[in-house]
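J.: One structure, pasted below without further comment.
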Amino acid sequence: MKHLFVSIVSKGAKSNTYKFALAKFLLDYSKTQNLKEEDYEISFYEIATKFLEYYWFQECKYKFKQDFNKDKMPVVIRIIQEHCGTEYIADSYEKYFKNRQELQETLIREIEKKCFDNVIPRFQPDEQNEFYQHFYSRAKDGKAYKSSSEKKIILKYEALKFFKKENETLSKILVLEWAKFLEKTNFTPRLISKIELMKDPKRNSLTKFRKILMEMEEECFYCGTKLENTDVHIDHFIPWSYIYEDELWNLVQSCSKCNLIKSDSLPPKDCIEKIVIRNEQRALSKWNSDITDYYENCYKAGFQIVNIENLQCNRA
């Protein structure tokens, strides 16, 4: 079973990441189940629910590019873009859908209907079907599969026991292969960490940086407003959701208004020179050569640049 799983996620042609997502579902599902000596019936709806969560983070949070050609985006990404837009979403998955249950249901139903007719029957070789039973049959041409009215799989007990026992090892293999696939089209740092998590991470407090930054300058980095201790916000110059770390070279002090306006966008390009100078003055210059690259790659990944009229760096 281990040889088969590794072969599925590491070998063979893949036009999208559905096989990785299905493998992750099987591992996540098995991890939460109590072992019973019986097979487990799993509906496509249940799989689609997790697919929405996985790909919502990839598209709406991390802005992963699935392909350089927009016309080749996986159907699941097109569904999410159609209903949720293409811009970064600051809310957590749970918060975003808390008052959008009807939208969430629509997305799950569309994914259930449109995304599984190839990946479910092709995930494992026909002659083995070692992990689960599906209800597709080959078409006359021997290549395509006939759509089935049975929208479910039957996960075998031995497979679930295997996934549960080897969960940690198999998850690491899966994350590595998924990252190797996505790194062809993405310029994002900490790619493996983002795929491994695939949910809203616990953010560290930035309070410890407030005193250090205020000793550097007592004005808002973006608009130049004099800051009081009660109105000091710490902002990631390159959005945290892209760079995924809290490092002083990328942190600036901000007033609450600018922090709210900028959110998880990029600042105007005029700000790059300012932070480079700041870092040179504060012995943080070794990172300056990376800032422009991070900025450009973050923009290529789909993050928006906030309007310079809203963040007037040149006033500072």
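J.: Check THR188 against each of (1) free of Cβ contacts under 8 Å to residues at least 24 places away in the same chain; (2) β-branched (Val, Ile, Thr); (3) more than 26 Å from TYR45 (Cα to Cα) and name the one condition it does not meet.
T.: So THR188 meets the others, but not (1).
J.: Hey, another quick one. Here's a check for you: in region 291-302, which residue that is in a helix (DSSP H, G or I) and surrounded by 15 or more Cβ atoms within 10 Å (Cβ to Cβ) is farthest from the chain's Cα centre (by Cα)?
T.: My answer is ILE291.
J.: Pick from GLU94, GLU105, GLU110, GLU166: which is closer than 24 Å to GLU59 by Cα, surrounded by 16 or more Cβ atoms within 10 Å (Cβ to Cβ) and either of a type outside the set (Val, Ile, Thr) or not assigned by TED's automatic domain parsing to the domain that holds LYS31 (or both)?
T.: GLU110
Yes or no, residue by residue, for (1) outside any helix (DSSP H, G or I); (2) in contact with a strand residue (DSSP E or B) (Cβ under 8 Å, 6 or more places away or on another chain); (3) among the aliphatic types (A, V, I, L, M); (4) modelled with pLDDT of 90 or more:
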residue	(1), (2), (3), (4)
LEU176	no, no, yes, yes
PHE209	no, yes, no, yes
ILE212	no, no, yes, yes
TRP249	no, no, no, yes
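J.: Additional query: Quick one: ILE261 ticks every box in (1) touching a helix residue (DSSP H, G or I) at 6+ places or on another chain (Cβ under 7 Å); (2) of a type in the set (Val, Ile, Thr); (3) in contact (Cβ under 8 Å) with a residue 24 or more places away in the chain except a single one, so which number is it?
T.: Here ILE261 meets the rest and fails (1).
J.: Okay, moving on. Out of all the residues in region 211-221, is one or more assigned by TED's automatic domain parsing to the domain that holds THR49 and of a type in the set (A, V, I, L, M, F, W, C)?
T.: No; the residues of region 211-221 include none that is assigned by TED's automatic domain parsing to the domain that holds THR49 and of a type in the set (A, V, I, L, M, F, W, C).
J.: Residues in region 8-45 that are free of Cβ contacts under 8 Å to residues at least 40 places away in the same chain, farther than 30 Å from ASP71 by Cβ and outside any loop (DSSP other than H, G, I, E, B): how many?
T.: Within region 8-45, residues that are free of Cβ contacts under 8 Å to residues at least 40 places away in the same chain, farther than 30 Å from ASP71 by Cβ and outside any loop (DSSP other than H, G, I, E, B) number 2.
J.: Here's something else I'd like to know. Looking at this structure, is ILE234 in a loop (DSSP other than H, G, I, E, B), surrounded by 14 or more Cβ atoms within 10 Å (Cβ to Cβ) and at pLDDT 90 or above?
T.: Considered against the rule, which asks whether it is in a loop (DSSP other than H, G, I, E, B), surrounded by 14 or more Cβ atoms within 10 Å (Cβ to Cβ) and at pLDDT 90 or above, ILE234 comes out as no.
J.: A further question on this structure: Return the residue satisfying two criteria in turn: it lies in region 264-285 and is touching a helix residue (DSSP H, G or I) at 6+ places or on another chain (Cβ under 8 Å) and among the β-branched types (Val, Ile, Thr), and of such residues it is surrounded by the most Cβ atoms within 10 Å (Cβ to Cβ).
T.: So, considering only residues that are touching a helix residue (DSSP H, G or I) at 6+ places or on another chain (Cβ under 8 Å) and among the β-branched types (Val, Ile, Thr), the one surrounded by the most Cβ atoms within 10 Å (Cβ to Cβ) is ILE275.
J.: Filter region 178-207 down to the residues that are among the β-branched types (Val, Ile, Thr) and part of a helix (DSSP H, G or I) and list them by number.
T.: ILE192, ILE195, THR207, listed by residue number.
J.: Return the pairs, sorted by first residue and then second, in which the second residue is surrounded by 14 or more Cβ atoms within 10 Å (Cβ to Cβ) and in a helix (DSSP H, G or I), the first residue lies in region 164-177 and is small (Gly, Ala, Ser), the beta carbons are less than 7 Å apart, and the residues are 6+ apart or on different chains.
T.: SER171/LEU27
The values are calculated or read from the model by the stated rules, or taken from the named source; none is laboratory data. It should be emphasised that the depicted structure is a prediction, and the values quoted were computed from it without experimental measurement. Reconstructed Cβ throughout: ideal geometry from the backbone, glycine too, with neighbour counts over all protein chains shown.
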